[in-house]
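The values are calculated or read from the model by the stated rules, or taken from the named source; none is laboratory data. Owing to the predicted nature of the structure, the values given are computational and were not obtained by experimental measurement. Here Cβ is always computed from backbone atoms with ideal geometry, including for glycine, and neighbour counts include all displayed protein chains.
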Amino acid sequence: MDLSPFERNTFWSVVIGSTFFWLGQIAVHPGAVQRFIAVSSFKESKSVMFWSFIGFFVIKGLVTLVGLLMYANYHDCDPIATKAVQQSGQLLPYYVMEVAQQYPGLTGLFISGVLSAALSTMSAGLNTVAGTLYEDFVQFVLKGKRQSEATQAFMLKIIVLVIGLICICMVFVVEKLGSLFQMALSLLGVTNGALVGVFSLGIFIPRANAKGAMVGSIVSMVTMAVVISGAQYYKASGLLKFPGKLTSIDGCPADLLTSLPFNASERVQTFTGLGTPVVADPSVPLIFQVSYMYYVAFGTLIVLLVGVPVSYLTEAQDLTSLDPRLFTPCVRRFLPPTPAKPPAEEYTLVNSNPAPEDLKEPAKENITECISA
C-alpha cells in the first residue's frame, strides 16, 4: 500500500496507473472512439463499452491466472536463471511448449492464436493511424482538395505500407528493451499522457485554448520521452535494476544443475524481472526511478500544469460563445449563460416546379386587381 511513485509495482501504482492508462486506451484513443461512433445510437455505444469491459476483465483475469501458474511451476527451477530463456517475455511460449508437448496440435493452436490476435490488433491500429495521417496531414498539404476515391485508397495503402515497414524495423529495437509489458506502457506514456491531458484540459478548463493545448501536449511528450529514454539508458548500463520475485533452481534436475556455470547461492541474483523493489545507483536521478505505471498519469499532469497558464496568458476565451455540452457536468454550472440566438426567419415552402394551371389563376387575379386599382 506504499504511495511512493518510485516503487515499481504497488497497489496504488497499479490502480492509479491503470486508470489513466485505460482512460487513454478507451475514452480518447482514436481506435476506440471510431468504434463507438460507428454504431447508430448513443445507447448502442454504451452497450459496446459495457461488453468491452467484460471482455477486458475476462482477458486480464486469464492472463493473471497464467502468470500465477507459471510462477507456481517455475518458482524452484527458474528458466531465466538456468539460461533456458533469455527474457521474461519468452516465459509464456516456453511454458506452453513444455506443458502442451504431450497434446498434439495444442502448441500450434497457441501460436496461431497469438499471431491472429497480433494481426487483428495491428490491422486496426494501422487503419486508424493511416486515416488520421491522411485527414490531418495529407489533406493539409493538399490544401483541402478532395481526391477521387481511387486516389485516396492508393494514398492510404502507401501510408499503411510505410507504417508497417517502420513497425517491422522496430522489432529489432524492441527485443533490446526488456519486458514487453513495461515497454508498452512506457511508450504509450509518451502519447496517451498527452492525449488524456488535452481532452481533460478541454472538458475541465473553460478558458483553455488551442495554444495552451498545443504547448502542453508538446512539453508533455518531450518530457516523458526524456524520462523514458533516461530510464532505459540507466537500465541498460546496469545502474537501474528491478529485481523480481524470489526464485531458485533447487527443484531443477541434477543433470541440469551440474551443467550450470554457477552454484545455487547465486540463483537470486541471476534473475532480474518484474517486481516491486527498485535497486538504483546513487548517481541515477530520481526522476528516472519513477514507476512505469505512472507515466500516463504524469504525462496528463504535465499537460494541465503547462496548458492552463499558457491559455490564461494568451488570447482570452469568450465563455459566452462556448457550447456547455462540451464540458463535464460539474463545470457547466459555472459557465455564464449563453445568449439566445435570434429566431430563424420564417419562410413558406413552395413547389419548385409548379404546374401551369397553378400559375394562371393567381396571375389573372393580380392583373384584375391592378386594373381596378
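For this structure, a couple of remarks:
- Residues satisfying the stated conditions in segment 74-91, i.e. loosely packed, with under 15 Cβ neighbours inside 10 Å and closer than 12 Å to Cys252 by Cα: His75, Asp76
- Selection status of Thr121, out of contact with any Pro (no Cβ under 7 Å at 6 or more places or on another chain), under 30 Å from Tyr94 (Cβ atoms) and surrounded by 12 or more Cβ atoms within 10 Å (Cβ to Cβ): no
- Residue count, segment 280-308 (criterion: touching a residue at least 24 places away in the same chain (Cβ under 8 Å) and either exposed (fewer than 13 other Cβ atoms within 10 Å of the Cβ) or not aliphatic (A, V, I, L, M) (or both)): 14
- Long-range neighbours under 9 Å by Cβ, at least six apart or interchain, first residue touching a residue at least 40 places away in the same chain (Cβ under 8 Å) and farther than 16 Å from Phe110 by Cα within segment 51-71, second of a type in the set (D, E, K, R) and surrounded by 12 or more Cβ atoms within 10 Å (Cβ to Cβ): Tyr71/Lys245
- Look at segment 31-50: where a residue is on the phi > 0 side of the Ramachandran plot, no partner that is part of a helix (DSSP H, G or I) and of a type outside the set (Phe, Trp, Tyr) sits 6+ places away or on another chain with Cβ atoms under 7 Å.
Let's see how each residue does on (1) of a type in the set (Ser, Thr, Tyr); (2) modelled with pLDDT under 80:
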| position | (1), (2) |
| --- | --- |
| Ala72 | no, no |
| Asp78 | no, no |
| Tyr95 | yes, no |
| Met122 | no, no |
| Asn127 | no, no |
| Phe137 | no, no |
| Gly144 | no, yes |
